[in-house]
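To start, the structure under review is shown below, and the notes come after it.
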Amino acid sequence: MAAATTAAPTTTTASSRLLLLPRAAATAPSPANHHLLSRHAAPSLLPLRHRAVRAVPAPRAWPDSVTPFNFGDDDEDDTGDDHPREECGVFGVVGDPEASSLCYLGLQKLQHRGEEGAGICAAGDDGALKSVTGLGLVGEVFRDKARLESLPGHAAIGHVRYSTSGANEADPKNVQPFLAGYRFGQLAVAHNGNLVNYTALRTRLETQGSIFNNTSDTEVILHLIATSLSRPLLARICDACERLAGAYSLLFLTADKLFAVRDPFGFRPLVMGRRPNGAVVFASETCALDLIDAVYEREVAPGEVIVVDRRDMSVSSACLVPHRPRKSCVFEHIYFALPNSIVFGHAVHERRTAYGRALAEESPAPTADVVIPVPDSGFYAALGFAQASGLEFQQGLIRSHYTGRSFIQPTQAIRDLAVKLKLAPVRGVIKGKSVVVVDDSIVRGTTSSKIVRLLRDAGAREVHMRISSPPVVGRCHYGIDTPSEGELISNKFDTEGVRKMIGCDSLGFLSIDKLHSIYGEEADELCDACFTRNYPVPLPEPVPELVSAFED
Ligand SMILES: O=P(O)(O)OC[C@H]1O[C@H](OP(=O)(O)OP(=O)(O)O)[C@H](O)[C@@H]1O
Ligand SMILES: NC(=O)CC[C@H](N)C(=O)O
Ligand code: SF4
Ligand SMILES: [Mg+2]
């Protein structure tokens, strides 16, 4: 099974209050500003278990910050109380009586983005937020239809998770959306991405008295909002986001509003669409919009907050923090997103086909008889390779769709078995042939070495491996759970060394220059740190241990 455990879902309820919002234009990032901010190797983030014995050197008050937009005079009532109306995937709907059911369907479409846990939080028409979260796949968490039925209302947000921070699939407390009650009512959050300054933020918050319920980086966002002195909620969200470093595509839900937020670099995707009945929909990928007949309107721009008020369905936009050079994750195009999605303004299948064509130019396989893809994510690159090289394209490996993505399985033992369970050779296509097998990436090398063995066992005369991305040498700190640098096979060996380890007759990667050439001027707008170690957001230094940390 893709997700090993399914625990009883957790249900949360409480009451909340209301805000009103101004309209402001979000400015598109200026291409002229695109540049790399830093270039250095990544230190590892502190393991969470060490956090208990670490403290920041001298806790001090944060300076007041100024958010770069103006509030209208109808932002918040004068009582100080909001009225009760308020490499993961996120999904949100506002203005549809079946919001939680649409969320359920949208999350099913985003299931490839996270298989460890899923949840939905809905805003009931009585102003109360309620959430159901649980370990496992979306269909497992909501197998009992009473769980969805317990989430009525016209607005909902949902999340599918695989962990990049905190405990892995075993901890149900880390499954989102998180729903919290604070002095202004209820607030739920769903987060795709990873915060690189989580440890420092959490240590500081704990030093100031915050109590945490789980070990996910996302929880600090709620604390930063709760402890912000700004008003209204939009300003508190902006306050909080100014303190975050790293990747975040966020959906917030209150009794009356849904806020969609994207970090200033735009690492993770987030799009907006609309259903024929006017409901506004947000999703990590457009494939989830298509399913529920929502028409794709646009991306949430990097550094933008879009606010939808479900009382009048007004849509407002504000600039979250000053724009940075855009750095969208190229790995979304290479592997993570579904090929039928539009991500960062590009059709994913079209990008992958272009990688395959470029790969055929750069690393042809002149002695080959047939090109076969490693399903599913290698499909379009293999097609492009076959088109450009004039070779026959065949389905030589059959994928079982009853297994999950091996890359995001948490342990090596399970990953090994998952590959074997997942792929089976078609002997008639392979036997006696010189085969070019095209995959999107090599990370640990688990998949490729097993595939080469499978193909040889099935009678392949020669096996030529072609990879439609450069060698992965850097760990991702922005929301994709790539392993530590020591586990990356291309960190241990050069291409010839990797070829020997995998056991193929030849091996070719798409070079970083060729990858950039596919994007032209847009290449500067991509994060490619896992291939180059050019990390757009520098990683914080480890927090030094203090004697005072041991006092308790
Ligand atoms: O070198 P490795 O550590 O084995 O990881 C790389 C493999 O993992 C991914 O596939 P995955 O099986 O996760 O998903 P997919 O079926 O969607 O391609 C990727 O497409 C490679 O095939
Ligand atoms: N892959 C992700 O986007 C994970 C989101 C969040 N950092 C978590 O660990 O739950
Ligand atoms: S490091 Fe790699 S996986 Fe992470 S955001 Fe950058 S390109 Fe994407
Ligand atoms: Mg794969």
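Of everything in the stretch 431-443 that's within 12 Å of ligand 4 (Cβ to nearest atom) and not aliphatic (A, V, I, L, M), which residue is surrounded by the fewest Cβ atoms within 10 Å (Cβ to Cβ)?
If we take residues in the stretch 431-443 being within 12 Å of ligand 4 (Cβ to nearest atom) and not aliphatic (A, V, I, L, M), then ASP439 is surrounded by the fewest Cβ atoms within 10 Å (Cβ to Cβ).
All but one of (1) more than 10 Å from ligand 3 (Cβ to nearest atom); (2) within 16 Å of VAL374 (Cβ to Cβ); (3) not aliphatic (A, V, I, L, M) hold for ARG461; which doesn't?
(2)
Cβ-Cβ under 8 Å, sequence separation 6+ or interchain: first residue in the stretch 147-162 and away from ligand 3 (no atom under 16 Å from the Cβ), partner part of a loop (DSSP other than H, G, I, E, B) and of a type in the set (Phe, Trp, Tyr). Which pairs?
Final answer for the pair search is LEU148/PHE142.
Out of (1) open to solvent by less than 10 Å² (accessible area, probe 1.4 Å); (2) over 22 Å from GLU525 (Cα atoms), the odd one out for LEU250 is which?
That leaves (2) as the condition not met.
Is it fair to say GLY428 is surrounded by fewer than 19 Cβ atoms within 10 Å (Cβ to Cβ), in the same structural domain as LEU359 (by TED's automatic domain parsing) and modelled with pLDDT of 95 or more?
So GLY428 passes the test.
Quick check on my filter: what residues within the stretch 366-398 are more than 17 Å from GLY459 (Cα to Cα), part of a loop (DSSP other than H, G, I, E, B) and open to solvent by 10 Å² or more (accessible area, probe 1.4 Å)?
Within the stretch 366-398, PRO366, PRO375, ASP376, SER377, GLY390, LEU391 meet the criteria.
Among the residues of the stretch 315-346, write down those that are open to solvent by 10 Å² or more (accessible area, probe 1.4 Å), more than 21 Å from SER517 (Cβ to Cβ) and part of a strand (DSSP E or B).
VAL315, SER317, CYS319, ILE342 - these are the residues of the stretch 315-346 that are open to solvent by 10 Å² or more (accessible area, probe 1.4 Å), more than 21 Å from SER517 (Cβ to Cβ) and part of a strand (DSSP E or B).
What is the residue count in the stretch 107-124 for residues that are in a strand (DSSP E or B) and in contact with an Asp or Glu (Cβ under 9 Å, 6 or more places away or on another chain)?
Number satisfying all stated conditions: 3.
The values are calculated or read from the model by the stated rules, or taken from the named source; none is laboratory data. This one's a predicted model, so the numbers in the text were calculated from it and none came from an experiment. Every residue, glycine as well, gets a Cβ built from its backbone with ideal geometry; the counts of neighbours run over all protein chains shown. Note: areas computed on protein heavy atoms with side chains; ligands, DNA, RNA excluded. Shrake-Rupley method; radii C 1.70, N 1.55, O 1.52, S 1.80 Å.
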